[in-house]
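I have placed the structure first, in the form of structure tokens, so that the comments after it can refer back to it.
Throughout, read-outs are computed from the coordinates displayed, never taken from laboratory work. Worth saying up front: this structure is predicted, and the values here are computed from it rather than measured. Cβ placement follows ideal geometry from the backbone for every residue including glycine, while neighbour counts extend to all protein chains displayed.
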Amino acid sequence: MRIAGVDEAGRGPLAGAVIAAAVILPTNHGICGLADSKALSEAKREFLFAEICLKAIAFGIGRAEVDEIDRLNILQASLLAMKRAVNALSVQPDKVLVDGNCCPDLNYPTEAIIQGDKLIESISAASILAKVTRDREMKQLDKIYPGYGFAKHKGYPTAAHRALLKMLGPCEIHRLSFGPVKVVLETMSESHGY
């Protein structure tokens with residue numbers, strides 16, 4: 001039975017896309033150290049990323065852009081990214097296991113598993129692919145939008161990011177529907193008398 005594990009990265013940040021991955025692993029995949037991506041060092045994630053890409057039966061990446069996040073809300077955008085990841089698989093799964101408590105709308109039997117990224121190896125693998133893909137992208141975006149520290153905090157609402165956001169104002173990849181970004185925009189409009 002081909003089980004696809006699905007997870008996303010980037011629900012919490014104030015900037016950047018939400019990225020999901022779907023992974024179908026063979027029964028005896030021989031990949032050691034699969035775990036929730038947040039529990040692994042960056043070097044370990046990078047190592048496992050290469051292993052997963054090499055040994056998986058199939059994997060797919062899906063995304064929802066900032067404008068989709070602002071239009072739909074982050075939950076719906078995450079589910080859309082997951083759906084796109086599953087649809088990007090080159091092999092059809094018999095069943096899809098999703099990290100969390102909500103399932104995307106798919107044409108396959110689908111089950112949501114709370115803390116699935118800690119319990120199911122294919123979901124752990126998906127969590128690693130999604131996180132590494134997103135982190136790499138945020139490092140690239142740091143070069144396009146310098147000054148915000150995206151390479152360091154990856155868009156998450158750290159104290160440093162929030163301070164820079166207040167100082168510089170939002171850029172094109174900030175999620176305008178997220179509270180801290182909204183507050184900065186409102187403060188800017190008031191101070192400019194818009």
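Things to note:
- Virtual spin-label span in nm between Asp70 and Met188, 7 Å along Cα→Cβ: 1.0
- Taking Cα atoms only, the orientation of helix 42-55 departs from the longest principal axis of the chain by about 40 degrees.
- Loop-resident GluC sites (Glu not before Pro) (DSSP state other than H, G, I, E or B) in segment 87-181 with no more than 16 further Cβ atoms inside 10 Å of their Cβ: Glu172.
- Pairwise centroid distance, computed over Cα atoms, of segment 1-62 with segment 67-141, Å: 10
- Mean sequence separation of contacting Cα pairs (under 8 Å, at least six apart), scaled by the length of segment 144-188, corresponds to a relative contact order of 30 percent.
- Extension gain, Asp105 to Glu42: 0.36 nm times the residue separation minus the Cα-Cα distance gives 19.5 nm.
- With contacts taken as Cα pairs under 8 Å and at least 6 residues apart, the chain reaches a relative contact order of 30 percent.
- Measuring nothing but how far apart in sequence close Cα pairs (under 8 Å, 6+ apart) lie, relative to its length, segment 110-158 scores a relative contact order of 22 percent.
- Modelled FRET efficiency - R0 41 Å, Ala58 with Ala160, Cβ distances, 0.05 increments: 0.60
- Taking label points 7 Å from Cα along the Cα-to-Cβ direction, Lys95 and Gln115 give a separation of 2.0 nm.
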